[in-house]
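A.B. asks: Quick one: the structure is below, and I'll ask about it shortly.
The values are calculated or read from the model by the stated rules, or taken from the named source; none is laboratory data. Here the structure is a predicted model, which is why all the values come from computation and not from measurement. In this analysis, Cβ positions are derived from the backbone assuming ideal geometry, glycine residues included, and neighbour counts consider all displayed protein chains.
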Amino acid sequence: MHDTLFQPIELGAIHAKNRILMAPLTRGRSTQPGSIPNEMMVEYYRQRAGAGLIISEATGISVEGAGWPAAPGIWSDEQVEGWKPVTQAVHDAGGTIVLQLWHMGRLVHPDFLGGNPPVSASATKAPGHAHTFKGRQEHAQARELSVEEIARVVGDYRKAAENAKAAGFDGVQLHGANGYLVDQFLRDSTNLRTDEYGGPAENRARFLREVLTALVEVWGADRVSVRLSPNGETQGCDDSDPATTFAAAARVCEDLDLGFVELRQPGPDGTFGQTDVPQQDGVIRQIYTGPLVLNSDYSAEEAVADIESGRCDAVSFGRPYISNPDLAERIRVGAEWAPNVDVPRSWYLPGPQGYIDYPTMDEERAAAE
């Protein structure tokens, strides 16, 4: 009954052997200091190479944009060298992997910045608390990026894209979702600017366009994608008219002919984020004509239904991939998914527990014999 999910698809120039994508998942296992990928991460991604495409965990493009304990980066030569065994392991296992490029904007705590304030579209402050090496701390007031600084940040994205190519990835995805820097420019609750980057939705999408253009110049449009979260509040980032805002974002994606667009769309009954704001994939689908990938709380049956109806072309699964390294095979044979042991504590532990110690079906069978 899940045959639809195992039809191959071309996501731009990227060939996906099935339509079960691994969504980006922050796991906090890189080596510190330096935010350098390590052997544990090599094994983690190798185990999950059965996905049609792996979208890597969000990866910092610069010190300024990296504000999650032990998340990896892609701004240094050491990080590039650390990623090379990861991409090689995925390729050797028959998989494909793109790197998600991340700038957290106002969500970076000053502890990561030598005490300096974070940057954002405008001088705003996120609600709640940041995760830091000292524990949870209240977010700080951000300072507004100048036009000159925006050009510098676009350059940081470009350099990160070049580094991703050197590290052996198959493409890049721009993290434009979840209240991080690109989202802070897109949405009118966090973008209060009155210059060419603020005001109407087309202006608020200018930063998105400039960053994606830089990535396309490095990789070609058919190996660049973006993740958006077009409905509901996330980390204090919201919009008064999401249909208009994300229609403008979709126009950027269509104009640039991106390889694919991924949407994280929680609903009223979501297990990780809930909202009554209508999902916007219908609006985006009318404008962006390339492959559309949907995400958030999908079962295999729901994924089949949405692909067969034409609502989307593939589905990315996030949390199920934490405890099911062979998730695609489990879906293929109709096996029950394993629970995420000690959720959410095990997501961000510093060692292998809850990371690379989840068994495959074959290992479960062998242990039971």
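A.B. asks: Can you pull out the residues in the range 172-205 that are part of a helix (DSSP H, G or I) and in contact with a strand residue (DSSP E or B) (Cβ under 6 Å, 6 or more places away or on another chain)?
C.D. replies: D183, Q184
A.B. asks: Which ones in the range 308-318 are more than 20 Å from C253 (Cβ to Cβ) and in contact (Cβ under 8 Å) with a residue 60 or more places away in the chain?
C.D. replies: Scanning the range 308-318 gives E308, F317, G318.
A.B. asks: If we keep just the residues of the range 1-46 that are among the aliphatic types (A, V, I, L, M), in contact with a helix residue (DSSP H, G or I) (Cβ under 8 Å, 6 or more places away or on another chain) and touching a residue at least 60 places away in the same chain (Cβ under 8 Å), which is surrounded by the fewest Cβ atoms within 10 Å (Cβ to Cβ)?
C.D. replies: Of everything passing the filter in the range 1-46, M1 is surrounded by the fewest Cβ atoms within 10 Å (Cβ to Cβ).
A.B. asks: Then there's this: Might you let me know whether the range 201-224 holds any residue that is at pLDDT 95 or above and touching a Pro at 6+ places or on another chain (Cβ under 9 Å)?
C.D. replies: No, the conditions are met nowhere in the range 201-224.
A.B. asks: Working carefully through the options A167, A160, find the one that is touching an Asp or Glu at 6+ places or on another chain (Cβ under 9 Å) and either touching a residue at least 12 places away in the same chain (Cβ under 8 Å) or under 18 Å from T124 (Cα atoms) (or both).
C.D. replies: Criteria check complete, one pass: A167.
A.B. asks: Report yes if G60 is of a type in the set (G, A, S) and either at pLDDT below 95 or buried (at least 24 other Cβ atoms within 10 Å of the Cβ) (or both), otherwise no.
C.D. replies: Yes.
A.B. asks: Give the range 339-363 a look and list any residue that's over 23 Å from the mean Cα position of the chain (by Cα) and surrounded by 14 or more Cβ atoms within 10 Å (Cβ to Cβ), or say none.
C.D. replies: P359, T360, M361
A.B. asks: If you scan the range 173-227, which residues turn out to be polar (S, T, N, Q), touching a Gly at 6+ places or on another chain (Cβ under 7 Å) and under 12 Å from G259 (Cβ atoms)?
C.D. replies: Scanning the range 173-227 gives a single hit, S225.
A.B. asks: Need pairs with beta-carbon distance below 8 Å; first residue touching a residue at least 12 places away in the same chain (Cβ under 8 Å) and closer than 12 Å to G318 by Cβ and within the range 340-352, second hydroxyl-bearing (S, T, Y) and assigned to a helix (DSSP H, G or I); sequence gap 6+ or separate chains.
C.D. replies: N340/S323; N340/S346
A.B. asks: Only one of E329, E363 is of a type in the set (D, E) and in contact (Cβ under 8 Å) with a residue 12 or more places away in the chain; which?
C.D. replies: E329
A.B. asks: I'm trying to understand the selection: among the residues of the range 125-167, which are under 23 Å from D238 (Cα atoms), outside any strand (DSSP E or B) and basic (K, R)?
C.D. replies: The answer is K125, and nothing else.
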